[in-house]
Amino acid sequence: AAITQASRGCYSDHEIGRGLDDHMLSKYFSRIAGGWKIRDEIRALVSFRRLNLLEPLRNLGPFDVIFCRNVAIYFTLEDRKTLFNKIADALEPEGYLIIGSTESLTGVCPRFVPKRHLKSIFYQLR
């Protein structure tokens, strides 16, 4: 259900109102009943599929941005180390890794360095 919802590219007014400015909204979204839909030409640039992150990530990448939010907190330390090393292998050298605000790579994957933008932290390869 989550993959289906995400692939539709539809967002409520509340979701859109959490930081998207009017210029970006009008450029990339169209108004629909009850919210907004990302334009098809943008949505076509993204693929959604179900993966088991503990299995090899074959034929994936390289990626400019990887979002792995609020997933690894459920993994053991060893599984987190394995996962983030696989993600490092799939990320472009100047790419970005975004994880959940309660997560950290400190002591998990030294291949990443934390960087700050405004009040957020993201990671890039060393």
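Put simply, the amide H of Val71, placed in the peptide plane, has neighbours under 5 Å in Gly100, leaving out anything fewer than 5 places away on its chain. In the chain, the longest principal axis of the Cα atoms and the axis of helix 77-90 are about 60 degrees apart.
The mean sequence separation of alpha-carbon pairs under 8 Å and at least six residues apart, normalised by the residue count of the range 1-60, gives a relative contact order of 38 percent. Listed values for the range 21-34 are Karplus-derived 3J(HN,Hα) couplings in whole Hz (6.51 cos²θ - 1.76 cosθ + 1.60, θ = phi - 60°), namely 6, 4, 4, 5, 4, 6, 6, 10, 10, 10, 6, 10, 4, x, and x replaces Gly and Pro.
Amide H contacts of Phe29 (H built 1.01 Å from N, in plane; Pro and chain starts excluded): Arg39 sit under 5 Å, all sequence-distant by 5 or more or on other chains.
Near the amide H of Gly95, within less than 5 Å, lie the amide hydrogens of Leu125, all on another chain or at least 5 residues away, with H placed in the peptide plane. What is the percent of Cα-Cα separations in the chain that go past 17 Å? Tail of P(r) above 17 Å: 65 percent of Cα pairs. Charge dipole of the chain (Cα centre as origin; +1 on each Lys and Arg Cβ, -1 on each Asp and Glu Cβ, all else neutral): 80 debye, rounded to the nearest 20.
Read-outs throughout are calculated quantities, based only on the coordinates presented, and are distinct from any laboratory measurement. All figures in this text were calculated on a predicted structure; none of them were measured in a lab. In this analysis, Cβ positions are derived from the backbone assuming ideal geometry, glycine residues included, and neighbour counts consider all displayed protein chains.
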